[in-house]
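Novice: Quick one: this structure, given as C-alpha cells, is what I'll be asking you about.
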Amino acid sequence: LPLEPGIYIRITVQDQGTGIPEEYIPRIFDPYFTTKTDGTGLGLATSFSIIRNHGGHISVDSTPGNGTTFYVYLPAISTAASGPSARKTAPNIKLSGKILVMDDETALRETIKNMLRKIGFETVDTAPNGEEAINLYKRAMESGQPYDAVLLDLTVPGGMGGRETLEKLLEIDPGVVALVSSGYAAESVISDYKKYGFKGVIAKPFTFDELRTELKQVLGRGIQ
C-alpha cells in the first residue's frame with residue numbers, strides 16, 4: 001500500500017450490489033467519472049481526496065454480481081495532534097512558460113488549463129489522448145518553442161494513456177519534464193512514478209495550491 005510506515009486503522013465498507021466492471025476500476029476515483037445519467041462523478045473523488053489529505057489510503061475490491069468492498073486506511077494516533085500536519089513546501093519561485101496537458105475529460109482539461117494560466121503559464125495547450133499530445137509535442141519541438149513541462153493523465157479509455165505517452169515522448173526528447181496524474185493511487189506508476197520516467201506526481205482531485213506546489217517542486221528554478 002502507498003502509505004508511510006506506521007499504525008493504521010482499517011475501515012471496511014461492503015455492499016451486495018451488482019459490483020463494478022473491471023474496466024471501470026482504474027477510473028472510479030477520477031473526478032467527473034460516472035456511469036450514472038444523473039451522477040456528478042465527484043463522490044468517490046472527494047472521498048479519495050479527503051482520505052489522502054489525512055495521510056490515508058482507500059482501495060477497492062469488486063466482482064460483478066458479487067458486490068463491492070472499499071477499504072479505508074487512516075493513521076492511528078495515541079494523543080491529540082500537537083500542531084498542524086506537515087505540508088509539502090515548494091521553492092519560492094515564479095512559474096511561467098509553456099505547458100501541455102493531456103486528459104480525456106473535457107471539463108477537467110478546461111479546469112486545469114484555467115488553473116495553470118492563473119499560476120502563471122502563458123501558453124497552455126491541451127490534448128484528449130496520448131496520440132494528440134505526442135503530435136503537439138513534436139510540433140512544439142520542431143518550431144523551436146518546446147514545452148517546459150507536460151501533465152499526463154495516467155488512464156485514457158480507448159486511447160493512449162500517460163505511461164505509454166511518456167515512453168514515446170522520451171524517444172522524441174529524453175529531457176522531457178513530465179508529471180503524471182490519476183485518481184487511482186494503487187497504480188504502480190503512481191506509487192513508483194520515477195521508475196517510469198516521470199518527474200512528479202499529483203493525485204486527483206487536486207487543488208490549485210497542490211498543483212502549483214508540485215510544479216514548483218519539479219521545475220525548481222528551470223522556469224523563471
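Just so it is clear, none of the values below were taken in a lab; they were calculated from the coordinates. Just so you know, these numbers come straight off a predicted model, no measurement behind them. Because the Cβ atoms are built from the backbone with ideal geometry, glycine has one as well, and the counts that use them run over all protein chains shown.
Novice: Can you list the HN-Hα couplings for the stretch 60-77, worked out from phi with the Karplus curve (6.51, -1.76, 1.60; θ = phi - 60°), rounded to whole Hz and with x for Gly and Pro?
Specialist: Karplus-based 3J(HN,Hα) across the stretch 60-77 equals 9, 9, 8, 10, x, x, 10, x, 9, 10, 9, 10, 10, 10, 10, x, 8, 10 Hz.
Novice: Still on this structure: Cα gyration tensor of the stretch 1-75, axes a ≥ b ≥ c as square roots of the eigenvalues: rounded (a/c below 1.5), prolate (a/b > b/c) or oblate?
Specialist: Here the stretch 1-75 falls in the oblate category.
Novice: From Cα pairs below 8 angstrom and at least 6 apart in sequence, can you work out the relative contact order of the chain, rounded to a whole percent?
Specialist: Dividing the mean separation by the residue count of the chain yields 21 percent.
Novice: Once you sort the root eigenvalues of the Cα gyration tensor of the stretch 97-219 as a ≥ b ≥ c, which label holds: rounded (a/c under 1.5), prolate (a/b larger than b/c) or oblate (the other case)?
Specialist: Note, shape of the stretch 97-219 comes out rounded.
Novice: Something else about it: Quick one: work out the % antiparallel among DSSP beta bridges in the chain, nearest 5.
Specialist: 40 percent
Novice: Also, I was wondering about something else. Give the label of the value calculated from the structure for Kirkwood radius over Cα pairs in Å, choosing from (1) 20.7; (2) 17.9; (3) 18.7.
Specialist: From the options (1) 20.7; (2) 17.9; (3) 18.7, the structure gives (3).
Novice: Could you give the longest part of the chain that holds none of the trypsin sites (Lys or Arg not before Pro) found in DSSP loops with at most 14 neighbouring Cβ atoms within 10 Å?
Specialist: Longest gap between qualifying sites, sites excluded: 95-220.
Novice: For a 28 Å ceiling on Cα separation, which of these pairs sit above it: LYS195/LYS216; LYS36/LYS194; LYS36/LYS118; LYS94/LYS168; LYS118/LYS138?
Specialist: LYS36/LYS194; LYS36/LYS118; LYS94/LYS168
Novice: Please report the relative contact order for the stretch 97-219, taking Cα pairs under 8 Å with a sequence separation of at least 6, and give it as a percent rounded to a whole number.
Specialist: Result for the stretch 97-219 is 21 percent.
Novice: Taking amide H atoms as placed 1.01 Å from N in the peptide plane, list the residues 5 or more away in sequence, or in a different chain, whose amide H sits under 5 Å from that of LEU95.
Specialist: Those lying under 5 Å, H to H, from LEU95: there are none.
Novice: Full-extension gain between LEU74 and THR123, please, as 0.36 nm times their residue separation minus the C-alpha to C-alpha distance.
Specialist: Here the answer is 13.7 nm.
Novice: To the nearest 20 debye, what charge dipole does the chain have about its Cα centre, counting +1 at the Cβ of each Lys and Arg and -1 at the Cβ of each Asp and Glu?
Specialist: I would put it at about 920 debye.
Novice: A further question on this structure: Which part of the stretch 56-76 falls in the paramagnetic zone of GLN217, meaning amide N under 19 Å from the point 7 Å along Cα-to-beta-carbon?
Specialist: Counting backbone N atoms under 19 Å from the label point, the list is 56-58, 75.
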